[in-house]
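Here is the structure we will look at.
Rule-based calculations on the coordinates, nothing more; no lab input. Just so it is clear, the structure is predicted and the values come from calculations on it, not from any experiment. So basically every Cβ, Gly included, is an ideal-geometry build from the backbone, and we count neighbours across all protein chains shown.
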Amino acid sequence: MRRLIHVPIVHGPEDLGTQLEAVRHAYVSRYGVRAWQLHLKSVEQFWNQVRHRLRPLREQAGTLRIYQDGLPVCGRETELARQLSAQGSQNHRLLVELVEAGAELVGTEDPELLRQEHERAHRADRLGEPASTARYDPLMEARDRYIASRIDATLAETGLGLLFMGALHRVIEKLPKDIQAARL
């Protein structure tokens, strides 16, 4: 039986890239500077808890496959994770730690679908509109189907995978029946 542990992720400021300033501004405008600071602290605490809960898996890291929201299939997956880790991403720092312990980081997303998602977010940002990624739509559906197919194609028959995925995704419901999924 193939097993997959779903790790719901919370994006830290380093994960937002060019969207950071727009997100920060919207958050501060709505809730205030103090709330933004508390939010940043809670994101850090979240990742510390995830790191702690995944610590026992390091012993089996050599058989572990990791799938990451927003990580394209490109042949440079570990390099990208290292770059984002160096920029302060707690999520990617954890990925790098697991890779260094022996886990395999697997390209998870279709680069073309990611490009469309980024273009949509930039268009919304330029127009001063909320990003339409805040809802489940045909583009998100296509991304989720692709991610599920990548997991199906790369997770070994008796393998264990970690799926780091944002809350809007519905990948788990698209997995084949022989993959047993549980939430961290």
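Quick notes
- Boolean, ASP125 is more than 16 Å from the chain's Cα centre (by Cα) and among the acidic types (Asp, Glu): yes
- Residues located in the stretch 22-37, provided they are out of contact with any helix residue (DSSP H, G or I) (no Cβ under 9 Å at 6 or more places or on another chain) and on the phi < 0 side of the Ramachandran plot: HIS25, ALA26, SER29, ARG30, VAL33, ARG34, GLN37
- Of the criteria (1) part of a helix (DSSP H, G or I); (2) touching a Gly at 6+ places or on another chain (Cβ under 8 Å); (3) surrounded by fewer than 19 Cβ atoms within 10 Å (Cβ to Cβ), which one GLU79 fails: (2)
- Residue match in the stretch 86-99 (condition: surrounded by fewer than 18 Cβ atoms within 10 Å (Cβ to Cβ) and more than 17 Å from the chain's Cα centre (by Cα)): no
- Cross-chain or 6+ apart pairs with Cβ under 9 Å, the stretch 171-183 first and assigned to a loop (DSSP other than H, G, I, E, B), then loosely packed, with under 11 Cβ neighbours inside 10 Å: ASP178/MET1; ASP178/GLU157
- Test: residue in the stretch 29-50 that is part of a helix (DSSP H, G or I), touching a residue at least 60 places away in the same chain (Cβ under 8 Å) and not aromatic (Phe, Trp, Tyr): yes
- Looking only at the stretch 133-155, and only at residues there that are of a type in the set (Lys, Arg) and within 13 Å of LEU113 (Cβ to Cβ), the one that is nearest to the chain's Cα centre (by Cα): ARG143
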